[in-house]
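For reference, the structure discussed in these notes is given below.
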Amino acid sequence: QVQLVESGGGLVQPGGSLRLSCAASGYIFRLNAMGWYRQAPGKQRELVARIPSGGVIDYADAVKGRFTISRDNGKNTVYLQMNSLKPEDTAVYYCNARIQRSALYGATDYWGQGTQVTVSS
């Protein structure tokens, strides 16, 4: 079984910073794109940032210039550095990874359990 375990959420004042981490574990044949999504109360889940195994990184317009996504392939881990946080960044943040568990099968999307980020004074 594959698991995604997130950490790093919490409460921060406006203008502050947080760093989220997400580690994938289990039998992984190939780890493709990894990313972060968020869901605020009463809203749909939305893409925050996505980093492929190779290629161009995508950011939501709302976080460009403030958030940075990166990955450590040796550790099967993706990070989200969040700077200049705003109250509207408050949401549950979910890690996503597209993982191929075997050469015989295609890739499947996996999700973390979510971590709360609250930006408030």
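The values are calculated or read from the model by the stated rules, or taken from the named source; none is laboratory data. Source: prediction; values computed, not measured. Positions of Cβ are backbone-derived with ideal geometry, glycine not excepted, and every protein chain shown enters the neighbour counts. Calculation scope for accessible area: heavy atoms of the full protein, side chains included, ligands and nucleic acids excluded. Shrake-Rupley method; radii C 1.70, N 1.55, O 1.52, S 1.80 Å.
Pairwise Cα distances in segment 41-98 exceed 15 Å in 52 percent of cases. Apolar share of the accessible surface for the chain: 47 percent from carbon plus sulfur atoms, 1.4 Å probe.
Accessible-area rank, largest first, for Asp58, Asp89: Asp58, Asp89, with all protein chains present and a 1.4 angstrom probe.
The magnitude of the dipole of the chain, with charges of +1 and -1 set on the Cβ of Lys/Arg and Asp/Glu and taken from the Cα centre, is near 160 debye. Accessible surface for Lys86 stands near 80 Å², nearest 10, in the context of the full protein assembly shown (1.4 Å probe). Residues Leu85, Leu104, sorted by accessible area with the largest first, give Leu104, Leu85 [1.4 Å probe; ligands and nucleic acids excluded]. Gain on full extension, evaluated as 0.36 nm per residue between Asn32 and Gln3 minus their Cα-Cα distance, stands at 9.0 nm. Couplings 3J(HN,Hα) of segment 86-94, computed from phi: 10, x, 6, 7, 4, 4, 8, 9, 10 Hz, in residue order, whole Hz [Karplus 6.51 cos²θ - 1.76 cosθ + 1.60, θ = phi - 60°; x for Gly and Pro]. Residues in the chain average 54 Å² of solvent-accessible surface per residue, probe 1.4 Å, ligands and nucleic acids excluded.
Expressed as a fraction of 2.2 N^0.38 Å, the C-alpha radius of gyration for the chain is 1.05.
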